[in-house]
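Bear in mind that the values in this text are calculations on the coordinates, not laboratory data. Not measured: the values here are computed from a predicted model. We place every Cβ from the backbone using ideal geometry, glycine too, and count neighbours over all the protein chains shown.
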Amino acid sequence: MEDERNSQLGKSETVIEQNIKSLKQLFPQVFTEDKINFSLLEDLLGEKIEERKEYYELSWAGKSDARKELSKSTTATLTPIRENSVDFDTTQNLFIEGENLEVLRTLQKSYFGKIKMIYIDPPYNTGSDSFVYPDNYSETKKEYEKRIGKVDEEGYINKVELWKQNTKENGQYHSVWLSMMYSRLSYAHSLLSEDGVIFISIDENEQANLKLLCDSIFGENNFVGCAGRITKKSNNKGDYWSPNFDYILTYVKDISCSDVFLGGIDEDTYDHVETEGERKGEKYKLVRLYMSTIQNRNPEQRFWIDCPDGTKIIPPGTTFPPERPNLGDGIWRWTKKKFELERNKIVVKEVRSSNLIDENKLPAKWNVYTKTYLKDVIDNSSAKPNSFIEEHINQKGSHELTELNIPFSYSKPSSLIKYLASICKTSNNDIILDFFAGSCTTGHAVMELNKEDGGNRKFICIQMPEKTDKKSEAYKQGYEKISDIGAERLRRAGKRIKEEIEKDRKENDEKLLDKKEIQDIDTGFKYYRLTPSHFKVWQNDINENELGKQLDAFIDATKEGSVEEEMLYELILKLGFSLTTTIEKNSKGFYYIKEWQTCIALENFNKETIESIFELKPKEVITLDKFFENNDSLLSNTRLEFKDKEIILTII
């Protein structure tokens, strides 16, 4: 168990390993000694898979190499950078700086099947001035020595070329772009929840290829549409057509589990939030119970309603209960029976002007409203969004950045991301991922949407530390990397949203009527950076003469200079826990994750520590080998002690 756990802690889980796990759940009988009996699998599927030389598929130069990326794991980790974060200890949002393919690998164990929505705006492959991310960013010692004849102190090189130009002069410029996208979309597919959805913005240069690529990854039956989006109102570019729209390819993880999209609801009109009862926190709007356009002679819809001051009110008319109303006399939308049954949805409030009358047939100072909850409307709506989007042009994105004084070009408007998150019904605690984050429009949009509807969605934004042009305005303002721009936008947008909330709360407190609860939202983010592991990495390609040195080095598995908190979060990640998991530090110096009943001891592991751990009755305890200092007797006794308590002890 310990060896298996240590192996799990060493490297990330690959897409292929995850697929095998899924297959094992569906067809456990085809596995023998963890090997797949493909002949038996074919029998169970009810048909033989015929070998054919030709069949329908998208192919390109380098496809087989792109597939090999899915079998690669990583020992890299995500290191917390507190000084770059906002509300690090309380926020549930993540900003990650690093090469996105490697970051997606590190997230597999912790976020597999947990992402509700992915939005990406990848580099468009124009073939003239476009850039793609190369995937040969890490090399083994032998590969590196063979290439340049030099090694670093540990025999490894972590080499990151942040981008390379991909032009039409490159005869395989379509292939290079497709290879770049294939591995990233494959990892994205595994991160999506069963009811998850991915939106991909793309222009006409690769739209056709991307559609076929996504069909092969997500499944053609999980394609739910391709929307067109107006990017600008006028454009004089182009020799034939003047391009002013792009595409949003849309796939769900599993069409049988996916919600249908929602459209046609003006959510801005639902401007009240329930403050008590079973529906506390839900948004609603007030609708008058009397409408002059509704007419009939049903006496059950014309009755007196009591007001807070003891008076009674009724719609205007010439007859009064129990008389049957004349045609033209005002009636309520609800019958008296429905009114009594749903009194919890009734609001009687004082107004400046009312079209109702009181017992003296004089204009009333009260009016009656019913609460219409947004959730009910959404649940019962059959309206769908149009596949041509006109309201969210790029100019809005430019204005947003100007208002925040953020120097960045070609940002999508946050309103577009809010719109997409709304139509696919993201809600409380859903996670929204963007791994081509750029200026972090997606993170900004999630915070804005939470402010508008009181939601608690979380975002994960991933951006490469791509250098800014030294001649650019961004560089002149001190932004050396695109990731610096994205993080700063999140800080400024979050600060502005908090200020708006405080302003709304102050204005609301000053009102005598229509008071509503103004909720705080999460405007922070934990900043992580992709780094090499803080633990020593076992090298499999060394000769026998070097083996002894490596064994001696692994008496202490931690690298020199490793910081305790950095090691803690690496273990959190590689154990498969969320990077926003609540962690408590015990007075004895160890960490406790209550949600998972796991203790991690990195500071010491003495008798007092162990006794304090036993009091918590955890399921698993993780500590370091160095605390036993080659004392085999102490190690054996400790293992037996934990075994008696039925606690898994993992020593690294």
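For region 399-441 versus region 302-346, the spacing of their alpha-carbon centroids is 47 Å. 3J(HN,Hα) along region 256-262, derived from phi through the Karplus expression 6.51 cos²θ - 1.76 cosθ + 1.60 where θ = phi - 60°, amounts to 6, 10, 7, 6, 6, 6, 10 Hz, with x in place of Gly and Pro. Once the dipole of region 275-374 is set up with Lys and Arg at +1 and Asp and Glu at -1 on Cβ about the Cα centre, which of T311, P363, S353 lies farthest towards its positive end? So the residue furthest toward the plus end is S353. The stretch between L212 and E17, if pulled fully straight at 0.36 nm per residue, gains 67.8 nm over its current Cα-Cα span. The 3J(HN,Hα) values that the Karplus relation (6.51, -1.76, 1.60; θ = phi - 60°) gives for region 492-502 are, in residue order, 6, 5, x, 5, 5, 4, 5, 5, 5, 5, 5 Hz. Gly and Pro appear as x. Per-residue Karplus couplings for region 76-83, computed as 6.51 cos²θ - 1.76 cosθ + 1.60 with θ equal to phi - 60°, are listed in order as 5, 9, 10, 9, x, 10, 4, 5 Hz, Gly and Pro entered as x. Between region 225-239 and region 464-508, the C-alpha centres lie 28 angstrom from each other. Remark on K116: its backbone amide H falls under 5 Å from those of S193, I431, a criterion applied only to residues 5 or more positions apart or on other chains, H modelled at 1.01 Å from N.
Peptide packing: for 67-78, 187-198, the average count of neighbouring Cβ atoms within 10 Å per residue gives the ranking 187-198, 67-78, highest mean first.
Using the Cβ of T77 as centre and a radius below 9 Å, the other residues enclosed give a net charge of -1, where K and R count +1 and D and E count -1.
Backbone amide hydrogens, once placed in the peptide plane, bring V273 within less than 5 Å of Y284, E517, excluding anything fewer than 5 places away on its chain. Amide H contacts of F245: T231, each under 5 Å away and 5 or more positions distant or on a separate chain (H built 1.01 Å from N in the peptide plane; Pro and chain starts excluded).
Once the Cα-Cα distance is subtracted from the 0.36 nm per residue extended length, the R333 to K470 segment shows a gain of 42.7 nm.
For region 274-327, the square roots of the Cα gyration tensor eigenvalues, ordered a ≥ b ≥ c, give a/c of at least 1.5 with a/b greater than b/c, which places it in the prolate category. Highest-first packing order for the peptide set 246-254, 223-231 is 246-254, 223-231, based on the mean count of other beta carbon atoms within 10 Å. With the Cα gyration tensor of region 541-651 giving a ≥ b ≥ c as the square roots of its eigenvalues, does the rule (a/c under 1.5 for rounded; else a/b larger than b/c for prolate; else oblate) give rounded, prolate or oblate? Oblate is the answer for region 541-651, as a/c is 1.5 or above yet b/c matches or exceeds a/b.
Counted by Cβ distance under 13 Å from T14, the other residues give a net charge of +3, where Lys and Arg count +1 and Asp and Glu count -1.
Rounded to the nearest 0.05, what FRET efficiency do N429 and D632 give with R0 = 41 Å and r taken as the Cβ-Cβ distance? Could you check? Numbers along the way, then the final one.
Numbers: r = 47 Å, r/R0 = 1.14.
Step by step, r from the Cβ atoms, then E = 0.30.
Fully extending the segment from E452 to E323 would add 41.8 nm, taking 0.36 nm per residue of separation and subtracting the current Cα-Cα distance. Taking a ≥ b ≥ c as the square roots of the eigenvalues of the alpha-carbon gyration tensor, region 275-374 is classed prolate because a/c is 1.5 or more and a/b outweighs b/c.
Compute the signed sum of charges (Lys and Arg +1, Asp and Glu -1) over the other residues within less than 14 Å, Cβ to Cβ, of D266. Working shown, then result.
On the way: positive: K283, K285, K418; negative: E267, D268, D271, E391, E452, D453.
Once positives and negatives cancel, what remains is -3.
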